[in-house]
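Q: Attaching a single structure in structure tokens format; questions to follow.
The values are calculated or read from the model by the stated rules, or taken from the named source; none is laboratory data. What you are looking at is a predicted structure, and each value in this text was computed from that prediction instead of being measured. Ideal geometry is used to build each Cβ from the backbone, glycine not excepted, and the neighbour counts take in all protein chains shown. Note: accessible area is taken over every heavy atom of the protein model, side chains too, but ligands, DNA and RNA are not part of it. Shrake-Rupley method; radii C 1.70, N 1.55, O 1.52, S 1.80 Å.
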Amino acid sequence: MTKKVTAAGDHTLSRCSKCKESTNHTIVAMVGDRVARVECNVCGSIHNHRSTTAPKPRSTSPRTPAQPRKTRSQTQWVDIMATADQTRAIPYHLKTPVKTGYLINHPSFGMGKILSTTRPNKMEVIFEQGVKLLLCNVAD
Ligand SMILES: [Zn+2]
């Protein structure tokens, strides 16, 4: 098995001071079996070879931690629905008198729970998609 000998004209990774990162370089000159001078394939500058074994430059786009797929209200909704008796949900209708704590079944948003009501006709309902302000008939 023949060991590949690095020689001028070969390509190697080197730290480029202009590009400020490790880029592909063409070897320009060798000193013994060490790479001496290299030409950056990106910017074309010729400089002394700098090994890329040094700590890698910090990525300019640090990976952001994975966001939880569910929002807080979605988690809350799941918790509510886990304990709620959905068979008691009432169909959502403007005229149906409602109170805080009622489960309602909305034609578009699905199952929801009334978090609060504001007289005479507003209520905050938590749905799977989030909390929504809906018109309603607040019961006395
Ligand atoms: Zn360069």
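Q: Given a Förster distance of 22 angstrom, what is the FRET efficiency for THR87 paired with ALA139, based on the Cβ-Cβ distance and rounded to 0.05?
A: 0.60
Q: Can you give me the Cα centroid spacing of segment 1-47 and segment 63-138 in angstrom?
A: 64
Q: Going 7 Å from the Cα of SER51 toward and past its Cβ, which residues in segment 1-45 have a backbone nitrogen under 12 Å from where you end up?
A: 34-35
Q: Still on this model: Hand me the tally of lysine pairs in the chain: alpha carbons under 16 angstrom apart, and the pair either on different chains or 8 or more positions apart.
A: Total qualifying Lys-Lys pairs in the chain comes to 9.
Q: Where only protein heavy atoms count, and the probe is 1.4 Å, what is the accessible area per residue for the chain in Å²?
A: Ligands and nucleic acids excluded, the result is 74 Å² per residue.
Q: Taking R0 as 35 Å, what FRET efficiency do you get between ASP33 and LYS70 from their Cβ-Cβ distance, rounded to the nearest 0.05?
A: It comes out at approximately 0.05.
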